[in-house]
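Written out below as structure tokens is the structure these notes cover.
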Amino acid sequence: MRGLGFALFGLLIAGCGYTFTPAGGPVPSDVKTIHIGRVDVGNGDLVFGDALARELRRYIRRRGRFTPSETEAGADAVLAVKVDTDVTRPVAFDEFDEVLSHDSRFVVSATLTDSSGNSIWDREGIELTRSSAAVDEAVVISSSAFQSDERLSADTLDAFDGVQLGENRLSQARDALSSDMARAIYSAMTEGY
């Protein structure tokens, strides 16, 4: 009866799309140091590529499972990231067709190779989107997101003209996306998500 219960539980878990991953995820346990190379942005935003590489090193160091290596030669593995899609577009307008907010969407591919150049892990289509307000009327300063993540005070918003505010909000959204993307890549690499 107990065996039947375990079998039924296994089928139930497999049927809902969840699977158990081994402790440590798909990266072999002998990989201790990882070199994060320059992020390939193609013709895209080099600043975002640099920010993503910096966030990956920071996140890997903070999580503690791996140690970031300054050089490829001193690393057990090399993480290469390629930005496949980098699109920012207006998504909300007022009655005068002025832009109220933008969406920034990034899709990346990541590959982890060993010192011989063999692929250890790879993932395509890691995608994130973040919205940003383009005018002060669209900024909700009482929101928890504004109050916890902002480097601006509500008084500072009044000092910006519309263009400055839109550029500032877009820049902050892209900075947040680089941090979120680093976390998503690390999770996919270590936990199989």
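The values are calculated or read from the model by the stated rules, or taken from the named source; none is laboratory data. Everything numeric in this text was worked out from a predicted model, so none of it was measured. Glycine also receives a Cβ, built like all others from the backbone with ideal geometry; neighbour counts cover every protein chain displayed.
Take Ala73 and decide whether it is without any contact (Cβ under 8 Å) to a residue 12 or more places away in the chain, under 22 Å from Ser116 (Cα atoms) and either touching a His at 6+ places or on another chain (Cβ under 7 Å) or small (Gly, Ala, Ser) (or both).
Considered against the rule, which asks whether it is without any contact (Cβ under 8 Å) to a residue 12 or more places away in the chain, under 22 Å from Ser116 (Cα atoms) and either touching a His at 6+ places or on another chain (Cβ under 7 Å) or small (Gly, Ala, Ser) (or both), Ala73 comes out as yes.
Taking the criterion of being assigned to a strand (DSSP E or B), at pLDDT below 85, under 22 Å from Asp40 (Cβ atoms) and in contact with a helix residue (DSSP H, G or I) (Cβ under 9 Å, 6 or more places away or on another chain), would at least one residue in the range 104-126 satisfy it?
Filtering the range 104-126 down to residues assigned to a strand (DSSP E or B) leaves 104-114, 119-126.
Among the residues that remain, those that are also at pLDDT below 85 are: 104.
If we keep only those that are under 22 Å from Asp40 (Cβ atoms) too, we end up with 104.
Within this subset, residues satisfying the condition of being in contact with a helix residue (DSSP H, G or I) (Cβ under 9 Å, 6 or more places away or on another chain) are 104.
The answer is yes, given that some residue of the range 104-126 is assigned to a strand (DSSP E or B), at pLDDT below 85, under 22 Å from Asp40 (Cβ atoms) and in contact with a helix residue (DSSP H, G or I) (Cβ under 9 Å, 6 or more places away or on another chain).
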*Here are Leu152, Leu177: which of them is at pLDDT 60 or above and surrounded by 15 or more Cβ atoms within 10 Å (Cβ to Cβ)?*
Leu177
*What are the pairs, 6+ residues apart or on separate chains, where a residue within the range 57-70 that is modelled with pLDDT under 95 has its Cβ under 9 Å from a residue that is of a type in the set (Lys, Arg) and in a helix (DSSP H, G or I)?*
Tyr59/Arg183; Thr67/Arg61; Pro68/Arg57; Pro68/Arg58; Pro68/Arg61
_Exactly one of these conditions fails for Ala73: (1) closer than 25 Å to Ile126 by Cα; (2) part of a loop (DSSP other than H, G, I, E, B). Give me its number._
(1)
*Residues of the range 31-45 being modelled with pLDDT of 90 or more and within 18 Å of Asp175 (Cβ to Cβ), which ones?*
Ile36, Val39, Val41
*If we scan the range 92-102, do we find a residue that is exposed (fewer than 13 other Cβ atoms within 10 Å of the Cβ) and part of a strand (DSSP E or B)?*
yes
*asked:* Would you confirm, using the coordinates I've provided, whether Leu12 is aliphatic (A, V, I, L, M), modelled with pLDDT under 85 and exposed (fewer than 15 other Cβ atoms within 10 Å of the Cβ)?
replied: yes
